[in-house]
Amino acid sequence: MKAIAKTVLALGLVAAGGAGVVYSGVYDVGADAPHTRPVYALLELARERSIAVRAARLEVPPGLDDPARIRRGAGNYEAMCAGCHLKPGSAPTELSRGLYPAPPDLTRASVPVTEAFWVVKHGIKASGMPAWGRSMADEHIWNMAAFLRQLPQLDRAAYDALVAASEGHSHGGGESEEHSHADGGGDHHGDAPHAHDEAPVAAPAAQGATHVHADGKTHVHPSEPTPAGVGHAH
């Protein structure tokens with residue numbers, strides 16, 4: 001009932017304020033200035049319902065409990081998500097502290113697999129969550145959803161073991177020039193999912209996950225925030 005009351009109040013304020021409030025610039029859109037409670041309640045409800053309605057239309061593929069799929073998802077999570085959504089036992093990063101709304105700690109939050117897939121693929125407007133479906137095939141996104149279902153149950157040692165056993169950062173079709181393949185890549189809607197032609201390369205923990213593309217270029221994904229006093233200073 002409280003959520004409904006807040007939503008009704010938010011709608012009333014929006015209707016009453018109208019275009020005058022928007023045009024005046026009185027509302028602070030800075031990421032370090034939280035929304036007012038009515039606005040936040042309205043946006044949160046809109047986000048939750050939008051995701052739930054669209055995720056309900058998805059058909060879950062078989063085999064999401066396959067350990068191989070979970071391992072592949074772990075490699076992509078480490079490369080693409082851990083900086084915002086964290087690892088088991090890790091503290092908030094510079095990036096996660098600076099985003100608003102704050103990205104959920106997925107090491108603690110259990111997310112329905114269909115909603116995880118939809119959000120990873122389509123992203124969320126004005127939140128910092130990108131639409132990975134523009135550069136990643138559905139098969140790889142389902143692998144990430146499979147991993148996310150297991151993530152809250154993992155401690156740091158189990159997480160690190162999955163990442164180490166994974167293929168690293170792998171996706172399929174639609175890659176940018178920085179992630180081009182020897183075969184030219186392709187549209188992720190038409191091509192079969194594929195991983196980089198690469199041999200996993202061990203890297204020091206401070207550097208994060210490293211992989212080598214077919215063209216011989218090395219790509220490094222940072223996995224940990226830079227320690228104080230090292231690299232850039234504040």
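Computed from the coordinates by the stated procedures, all read-outs in this text should not be read as laboratory data. This structure is a prediction, so every number in the text was calculated from the model and none was measured. Every residue, glycine as well, gets a Cβ built from its backbone with ideal geometry; the counts of neighbours run over all protein chains shown.
Quick notes
- At 0.692 mPa s and 37 °C, Stokes diffusion of region 41-154 via Kirkwood alpha-carbon radius, µm² per second: 227
- Taking 0.36 nm per residue of sequence separation and removing the Cα-Cα distance, the residue 158/residue 48 pair yields an extension gain of 36.5 nm.
- Residue-span extension gain [residue 91 to residue 68] - 0.36 nm each, minus C-alpha spacing: 5.5 nm
- Principal axis box of region 1-106, alpha-carbon based, largest edge first, Å: 54, 35, 26
- Within region 80-125, the trypsin sites (Lys or Arg not before Pro) that combine a DSSP coil assignment with at most 16 other C-beta atoms in a 10 angstrom radius are 108, 125.
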